[in-house]
1. With of a type in the set (Gly, Ala, Ser) and at pLDDT 85 or above as the only criterion, which of Ser147, Ser155, Ser171, Ser176 stands out?
2. Can you report the number of residues in the range 56-78 which are of a type outside the set (Ser, Thr, Tyr), closer than 21 Å to Leu21 by Cα and surrounded by fewer than 17 Cβ atoms within 10 Å (Cβ to Cβ)?
3. Residue check, Phe22 against (1) farther than 18 Å from Ile117 by Cα; (2) surrounded by 11 or more Cβ atoms within 10 Å (Cβ to Cβ), all met but one. Which one?
4. Taking the residues in the range 131-144 that are exposed (fewer than 10 other Cβ atoms within 10 Å of the Cβ) and over 17 Å from Asp35 (Cβ atoms) as candidates, determine which candidate is modelled with the highest pLDDT.
5. Can you tell me which residues in the range 168-186 are assigned to a loop (DSSP other than H, G, I, E, B) and of a type in the set (A, V, I, L, M)?
6. How do the pairs read when you match residues in the range 107-134 that are touching a residue at least 12 places away in the same chain (Cβ under 8 Å) and over 24 Å from Ser63 (Cα atoms) with residues anywhere that are hydroxyl-bearing (Ser, Thr, Tyr) and open to solvent by less than 40 Å² (accessible area, probe 1.4 Å), using Cβ under 9 Å and keeping only pairs 6 or more apart or on different chains?
7. Looking at Thr120, Thr107 in this structure, which one is modelled with pLDDT of 85 or more and more than 14 Å from the chain's Cα centre (by Cα)?
8. Starting from the range 27-55, keep only residues that are under 18 Å from Ile96 (Cβ atoms), then list their pairs with residues that are hydroxyl-bearing (Ser, Thr, Tyr) and open to solvent by 10 Å² or more (accessible area, probe 1.4 Å) whose Cβ atoms are within a distance under 6 Å, requiring at least 6 positions of separation or different chains.
Amino acid sequence: GQSFDFIEVIRFSLSKSSDILFLLLTSILIRFLLDKAGQRWIRTFSQTVTLILLPIITYIITSVISGNIALSLGMVGALSIVRFRNPVRSPFELSIYFASITMGIATATNINWLFFIIFTMIFISVFIKSNSKIYKRIYKTNLFNISFTEGNVLSTLEVVTQNELKILNESRLLKSKSFKNNIYNF
């Protein structure tokens, strides 16, 4: 087994942080440029996080497998199995699978990679959440568009209204309806 040395983990993470920061900033720039070019698909949470995570995952994969042909073939095989044998419903879901596989293989070579990828994913989550809140506070709108089908085979739309809607009431697609405190919930 490998021993855990907190100081070594910090030193390791700091040595890689400039690369990750550059990847993060580049991904955000690409997202911004795609949005400005009219590509509305990039405005979903799933697509944005995928665009940010994949370069970092690829960086870690190539860092771990560089110079080790057996490990590189194993990594390609593992990622191919996930991609082609699993019914992936969203790019974000696929990115998380790739990150999980990368965590396992990278940890086998050096446990510092595990802490590094966990720290990076936490940083990205906090970064996206805080920027989303700041964006909403400044622009009074959400940073991300909502997509009903990402990662969900059956899309559901909930309608809450004070008036009963005949078109919804008679729809064959209606799954449930409730009336409580003068509010209809379809």
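The values are calculated or read from the model by the stated rules, or taken from the named source; none is laboratory data. Fair warning: this is a prediction, and the values are worked out from it, not measured in the lab. Quick reminder, even Gly has a Cβ in these numbers, built from the backbone with ideal geometry, and neighbours come from all protein chains shown. Please note that ligands, DNA and RNA were not included when accessible areas were found on the heavy atoms of the full protein model with its side chains. Shrake-Rupley method; radii C 1.70, N 1.55, O 1.52, S 1.80 Å.
1. From the options Ser147, Ser155, Ser171, Ser176, the qualifying one is Ser171.
2. So the first thing to find is which residues in the range 56-78 are of a type outside the set (Ser, Thr, Tyr), and the list is 56-57, 60-61, 64-65, 67-71, 73-78.
With the extra rule that they be closer than 21 Å to Leu21 by Cα, the set shrinks to 56-57, 60-61, 64.
In the following step, the residues that additionally are surrounded by fewer than 17 Cβ atoms within 10 Å (Cβ to Cβ) were identified as none.
Residues meeting the conditions: 0.
3. Of (1) farther than 18 Å from Ile117 by Cα; (2) surrounded by 11 or more Cβ atoms within 10 Å (Cβ to Cβ), only one is false for Phe22: (1).
4. Filtering the range 131-144 down to residues exposed (fewer than 10 other Cβ atoms within 10 Å of the Cβ) leaves 137-141.
Filter again for over 17 Å from Asp35 (Cβ atoms), leaving 137, 140.
Details: Arg137: 94, Lys140: 87.
The residue in question is Arg137.
5. Scanning the range 168-186 gives Leu173, Leu174.
6. Listed pairs, sorted by first residue: Ile128/Thr48.
7. On the way: Thr120 fails: more than 14 Å from the chain's Cα centre (by Cα).
Sole residue among the options that is modelled with pLDDT of 85 or more and more than 14 Å from the chain's Cα centre (by Cα): Thr107.
8. Within 6 Å, the pairs are Thr44/Ser147; Ser46/Ser90.
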